[in-house]
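Following: one structure in C-alpha cells, then a few remarks.
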Amino acid sequence: VVYEQEGVFIHSSCGKNDDQDSLIAGILRVIEKENEVVVDWRPLDETLDTSNILCAGKDSSSVVEWTQTPKEKCSRGADRPSSYEAEWDMVTTVSFKKKPHSNGDATTHANGESKWSFLFSLTDLKSIKQNKEGMGWSYLVFCLKDDVKLPALHFHHGDSKPLIKCLEKHVALNESPHDERVLLVKTQKSLSQSFENLFDEPSYGILQKWKKDPYIVTMGKFSRVTNYIVGSLRSSDPSNQRRPPSEMADFLNDTIPGLKINQQEEPGFEVITRIDLGKQPEVSRREPVSAEEWAKNMDSEGRILDVDYIKRLIFKGGLCHTLRKEAWKFLLGYFPWNSSKEERANLQKRKTDEYFRMKLQWKSVSEEQEKRNSRLRDYRSLIEKDVNRTDRTNKFYEGEDNPGLILLHDILMTYCMYDFDLGYVQGMSDLLSPVLYVMENEVDAFWCFVSYMDQMHQNFEEQMQGMKTQLVQLSHLLRLLDSGFCSYLESQDSGYLYFCFRWLLIRFKREFSFQDILRLWEVMWTELPCQNFHLLLCCAILESEKQQIMDKHYGFNEILKHINELSMKIDVEYILCKAEAISMQMMNCKELPQTISEILGIENSSVTPDSDTGEDESGAELSCPTSLYQSISTPVIAANGTRDSAQQMAETQSLTPA
C-alpha cells in the first residue's frame, strides 16, 4: 500500500431529500502489485477483497455491476489466483448490467460487501476531475477508458493533493486544455514496453482489458488477455449493430498506429476479389525424417550434402524426435548448414564461454545493486512469475524445484543481458519452453532461443511493427482466398482479425498440443514452400471454420469465442496440408496480385495473360510447389496438372483500378 486515506466519502445523491446527500465513509488506497498499480475504495469495515467489484455508472441513480460468467467463477476462486490457462483465454465474456438502488445507504450483498466498492488498474484510467480550491472540501472523480465515471470521492479529512502526487509517480497527468479542473492521463509509449496501446481506445470504449499476466496488456504485463465488452463496441439499438467503417478504421488506426485500414475497396482489393484461384489441390504428408535419412545426407566431415533436399523432407514430414536436438540447431540458424562437425564443436565452445560470461553479469548483481536497477528488477520479477506457470503439465517442467524451471529462468535472465533493450516480455517463456525441452542443454537452448527471437523480435517490440505488418498481410491473403468470408467478417465488425493476434504473436503455441507445436515449428522453420507460411496456416484454420461461422450467423462476440475455443482441438497435419494447398493455389495463379507476391516472397510469379507455360524465358521454375517435390520419393501431389487447371481458371481481365 503506497497511499492510504481514511475519511474519503461517497455522497449518494439518492437521499430522501433532494438537497441532502447520504454519506458513505470509506478508505481509499493505492496498491502496488507485482505488475500493476490499482486504486481501491472500500467502505470502512470492508477488507480488501476483489471478488465483487462494483462501480458507479454515468448517472448517479444506478451502478454498473460486474457479472462474472460461470467459467470465471469456477476458475477464479477467492483463495487462489486464476490459472495460467484461464488467463490465456483469448476471450472472456463479460457482461455489465445497471442496477438501480433503493436508498442512499451502502447496501450490502450476501457476502457483506458494499455495492459501492470499486477497484481499478491505473492502466484503465483516462482522466481525473477535481474541484477548484476554496469550494468546500476537496473531491475528485475518476473516469476510466471505457468512459465509465466512478462516484465522486470527497476528502473530508485533508485534501486530494497527496493522492495526485502518488498517482503521478506511476502515470503522467496533464491538465486538459479545455478544462483546468481535468487532469488527463498521458499515454506512455514506454509503459513497461507495453502492448497495451494495441487495443487501447482513446476515442471510445471497447473496454478490452488485455488482462495482466501472460497476454497482452503490456509487454511488461503480458499475462492478461482481452475482455471484449461487445455492448461498448455496438449500439444498444439492434437496428444499428455495426459501426461505420470510417469509425472502425479510426479505432484501429488509433490503437495500432501505422496500421493501414481500407475503408473502401482499393484497386488492389478490387483486383483480388475478381481472381478465381481454382480448386485447391490434394496434398498429403510423409513420415518424419528418420535418423538414417539424415545420416545419408551428411559427408564424412559432417557437412550436409543437400540442404534444399533435407529442408523439403522436413517440410513434408517433420523430424523424428531423436533428430530434433541436432536438426533444430540448423533450422534455427545456430549451426551453419555448410559447417563441418569440427567447426560446430568449436562454435559450441565459443558460444558456451560467451553464454556464461553473460550469465555471470546478472548472477553477480548484489541485492543493493538491484535495488538501484528497476529494469533488471522488473525483468526478474516477470520471469519468476512466468516460469512458475509455463507448461507445468509437461513432465519436463512439472513439480516443485524442477531443474527444467531453473534452466528456463536462467536462460531468460541471461537473454536480458544479451538484449537488454528488449529484455524480457511475458510470453517469451512460451517460445523458449519447447526449445529447452528438445535441447536438454542450457547453452544450446539459449543460442537456439536467440536465433528464434531474431525472427520474432518485432512481435515483442514497443512499436509492435511485426504485429501490424502481419495483421495487414493476413487480411490481404484472406481476401484473395475468400472475399465472401472477408465481407462477412467485416459485417460483424471482425474484419480486422484481432482474434488471430495470439496465433501470430507466439506462433500458435497456445493453439496446439505441446508435441504438435514441435512438429509445426520445425516445418515453419524450413521457410518452405514460401515466405510467411505461418500466415497461410492462419488462413487454413479460418477457412476450416468458415462454414460454421457463416451458417450459424456468428456475430462479433460469437466469432471471438469460437476461435478461442479451437485451442487444442486443431489437427496439425490437416492444417499443414491445407495451408500447403493454399500456397499452391496462390503460386499457380497466373495473375497473382503484386501485393500477394511480395507477402509470399514469390519473384516473377505472375505470367502474362497470353503465356501458356509456367516458366519464364530463362526456363526457371516459377512456382515453388513443383520444385518442392523434386527428389522426394513419396507420393504427394500431381502438381503440374493442378497448375494447368488453375491457370485456365484464372481470369485474364484487365487490372484497371476500380
Worksheet item: Could you state the principal axis extents of the C-alpha atoms in segment 319-455, from the largest down, to the nearest angstrom?
Response: 46, 33, 25
Practice prompt. Considering only protein heavy atoms, with the full assembly of protein chains and a 1.4 angstrom probe, order 357, 285 by accessible area, largest first.
Written response: 357, 285
Worksheet item: By accessible area of protein heavy atoms, probe 1.4 Å, what ranking do 397, 418 get, highest first?
Response: 418, 397
Worksheet item: Counting only residues 5 or more places away or on other chains, whose amide H sits under 5 Å from the amide H of residue 319 once H atoms are built in the peptide plane?
Response: 289
Worksheet item: Using the eigenvalues of the Cα gyration tensor, what equivalent ellipsoid semi-axes result for segment 116-188 when each is taken as the square root of five times the eigenvalue, whole Å, largest first?
Response: 18, 15, 12
Practice prompt. Calculate the dipole size of segment 283-394 relative to its Cα centre from +1 charges on Lys and Arg beta carbons and -1 charges on Asp and Glu beta carbons; express the result in debye to the nearest 20.
Written response: 380
Item to complete: Rank these residues by their accessible area, most exposed first, probe 1.4 Å: 430, 454.
Response: 454, 430
Response to the item:
Full extension between residue 357 and residue 286 adds, at 0.36 nm per residue less the Cα distance, a length in nm of 21.2 nm
Response to the item:
Taking the square root of 5λ for each eigenvalue of the C-alpha gyration tensor of segment 409-472, the equivalent ellipsoid has semi-axes, largest first and in whole angstrom, of 22, 13, 9
Worksheet item: Put +1 on the Cβ of each Lys and Arg and -1 on the Cβ of each Asp and Glu in segment 465-600; which of 594, 564, 532 then has its Cα farthest toward the positive end of the dipole?
Response: 564
Item to complete: Hey, can you grab everything whose amide H is under 5 Å from the amide H of residue 37? Only 5+ residues off in sequence or another chain; H modelled, so Pro and N-termini drop out.
Response: 122, 123
Worksheet entry | Assigned charges on the beta-carbon of Lys, Arg, Asp, Glu; segment 465-600 dipole about Cα centre (debye) | 260
Response to the item:
Scalar couplings 3J(HN,Hα) for segment 441-457 by Karplus 6.51 cos²θ - 1.76 cosθ + 1.60 (θ = phi - 60°), nearest whole Hz, x for Gly and Pro, are 8, 4, 5, 4, 4, 4, 6, 5, 5, 4, 5, 5, 5, 4, 6, 9, 3
Discussion item. Taking the full set of protein chains and a 1.4 angstrom probe, give the accessible area of residue 391 in square angstrom, rounded to the nearest 10.
Written reply: 20
Fill in: Computed accessible area, residue 296, all protein chains, 1.4 angstrom probe, square angstrom
150
Worksheet item: Can you run phi through the Karplus equation (6.51, -1.76, 1.60; θ = phi - 60°) for segment 500-515 and list ³J(HN,Hα) in whole Hz, with x for Gly and Pro?
Response: 8, 4, 5, 4, 6, 4, 10, 6, 6, 4, 9, 9, 10, 5, 4, 5
Fill in: Spatial separation of Cα centroids for segment 427-458 and segment 355-378, in angstrom
21
Worksheet entry | Residues of segment 319-455: accessible area per residue with a 1.4 Å probe, Å² | 45
Worksheet item: How much accessible surface area, in Å² rounded to 10, belongs to the heavy atoms of residue 567 with a 1.4 Å probe?
Response: 30
Worksheet item: Tell me, what ³J(HN,Hα) does each residue in segment 578-589 have, in order and in whole Hz, if you take phi through Karplus 6.51 cos²θ - 1.76 cosθ + 1.60 with θ = phi - 60° and put x for Gly and Pro?
Response: 5, 5, 5, 4, 4, 4, 5, 3, 6, 6, 8, 6
Worksheet item: Over all distinct Cα pairs, what is the inverse of the mean 1/r for segment 465-600, reported as the Kirkwood hydrodynamic radius in Å?
Response: 15.2
Fill in: Under 5 Å, built H, 5+ apart or other chain: amide partners of residue 298
305
Fill in: Selection from 340, 387, 376 lying farthest towards where the dipole of segment 319-455 points positive, charges on Cβ
340
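The values are calculated or read from the model by the stated rules, or taken from the named source; none is laboratory data. All values derive from a computational prediction rather than experimental measurement. Neighbour counts run over all protein chains shown; Cβ positions are idealised from the backbone, glycine included. Note: areas computed on protein heavy atoms with side chains; ligands, DNA, RNA excluded. Shrake-Rupley method; radii C 1.70, N 1.55, O 1.52, S 1.80 Å.
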